[in-house]
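Visitor: Dropping the structure in here first, questions after.
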Amino acid sequence: MKISDQLREKIEERIATGALLPGSALDEASLAQLYGVSRTPVREALIQLAAEGLIEMRPRHGAVVTSISPTRLLEMFEVMGELEALCGRLAARRMTDSERLELVAAHEGCKKALSERDTDAYFYCNERFHTAIYTGSHNRFLNDQAAQLQRRLRPYRRLQLRVRNRMDTSFEEHEAIVRCITAGDAEAATEALRKHVLVQGERFGDLLASMATLPSSAEA
């Protein structure tokens, strides 16, 4: 990873865990001092985060963490669910043998992370899992759109995994998705992906409850 990519990951993690709350200012000089780097990779990392929509670059005010309302967050997950459902439908029909092996390998990585109760490792394997499905759709425009929204929702998808039992449930849902795609069942894969990604009802309430605890956690 480039230094700027490493910094982006670190800042993104702080946003996801509430160490950097919505509206928080991100000063280049302070971040450079904190991470022991020059301001150039910090600037590059902030530009990446702005492109993902996680921060806003405001004239004369610098960078600040973006505030996303619960309604907006729900809308984004609804769209993500439909994009991934379409990816799953196409992947079930179009995936090559080598791409199926990559999907299974990512799934095995999730299994290992789950057994070790390592939410961070699971998060990265989970990203690899979903990326394999985007690639397997063999639709570059759809791949690009899904990946872009995934980056925007990245901190919240990471946060979800810290909700009690969510990692276990996520893995069970992955099991169903792998079965559907490897069997070439496009309709079942569509529904499995949609249910896996869509955040509604109790799951959305759990996510909001986790977000609500972030300010006190950050202050602590």
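Visitor: Counting heavy atoms of the protein chains only and a 1.4 Å probe, report the per residue accessible area for the stretch 1-84 as a whole number of Å².
Guide: Spelled out: the 1.4 Å probe surface of the stretch 1-84, per residue, equals 52 Å².
Visitor: If a/c stays under 1.5 just call it rounded; otherwise compare a/b with b/c (prolate if a/b is bigger, oblate if not). Do that for the stretch 22-63, with a ≥ b ≥ c from the square roots of the Cα gyration tensor eigenvalues.
Guide: prolate
Visitor: Also, I was wondering about something else. Cα centroids of the stretch 32-67 and the stretch 95-122: how far apart, whole angstrom?
Guide: If we compute the Cα centre of each part, the gap is 31 Å.
Visitor: What are the ³J(HN,Hα) values, in whole Hz, obtained from phi via the Karplus relation 6.51 cos²θ - 1.76 cosθ + 1.60 with θ = phi - 60°, for each residue of the stretch 157-162 in sequence order, with x given for Gly and Pro?
Guide: Per-residue couplings from phi come out as 5, 5, 5, 3, 5, 8 Hz.
Visitor: While we're on this one: Straight-line reach from K111: which lysines fall under 24 Å, measuring Cα to Cα and dropping same-chain residues less than 8 apart?
Guide: The reachable lysines, counting only those whose Cα sits under 24 Å from K111, are K195.
Visitor: Taking the Cα centre of the chain as origin, sum charge times position over the Cβ atoms of Lys and Arg (+1) and Asp and Glu (-1), and report the length of that vector in debye to the nearest 20. Before the final figure, lay out the partial values.
Guide: On the way: 30 positive and 32 negative charges, 80 e Å.
Dipole magnitude for the chain comes out near 380 debye.
Visitor: Would you check the accessible area of C125, probe 1.4 Å, heavy atoms only, in square angstrom rounded to 10?
Guide: C125 has an accessible surface of roughly 30 Å² with all protein chains in place.
Visitor: I'd like the accessible area for D5: 1.4 Å probe, protein heavy atoms, all chains in place, Å² to the nearest 10.
Guide: The accessible area of D5 comes to roughly 40 Å².
Visitor: How big is D for the stretch 119-181, in µm² s⁻¹ as a whole number, if Stokes-Einstein is applied with the Kirkwood radius of its Cα pairs at 10 °C and 1.306 mPa s?
Guide: Details: Rh = 12.5 Å.
Estimated via Stokes-Einstein, D reaches 127 µm²/s.
Visitor: Then there's this: Check which residues have an amide H placed less than 5 Å from I55's amide H, if you skip close sequence neighbours.
Guide: A50, T66
Visitor: Counting only the heavy atoms of the protein chains, how much of M95 is accessible to a 1.4 Å probe, in Å² to the nearest 10?
Guide: Roughly 10 Å² of M95 is accessible to a 1.4 Å probe.
Visitor: Tell me, what is a quarter of the convex hull surface for the C-alpha atoms of the chain, in nm² with one decimal?
Guide: Across all orientations, the chain yields a mean hull projection of 12.6 nm².
Visitor: Follow-up question, since we're still on this one. Which aspartates and glutamates, on any chain, are close to K10 with Cα under 20 Å apart, when same-chain ones fewer than 8 places away are left out?
Guide: D27, E28, E44, E52, E56, D118, D120, E127, E219
Visitor: Moving to a separate point now. Could you work out the helix-only [θ] at 222 nm for the chain, with each DSSP H run of four or more residues adding -39,500 (n - 2.57) and the total divided by the number of residues, to the nearest 500 deg cm²/dmol?
Guide: Details: 11 runs with 166 residues, N = 220.
For the chain, the value works out to -24500 deg cm²/dmol.
Visitor: Hey, any idea what % of the chain's accessible area is carbon plus sulfur with a 1.4 Å probe? Don't skip to the end; give the middle numbers.
Guide: Working: 5720 of 11130 Å².
Here carbon and sulfur together make up 51 percent of the probe-accessible area.
The values are calculated or read from the model by the stated rules, or taken from the named source; none is laboratory data. All of these numbers come straight from a predicted model, not from anything done at the bench. Neighbour counts run over all protein chains shown; Cβ positions are idealised from the backbone, glycine included. Note: areas computed on protein heavy atoms with side chains; ligands, DNA, RNA excluded. Shrake-Rupley method; radii C 1.70, N 1.55, O 1.52, S 1.80 Å.
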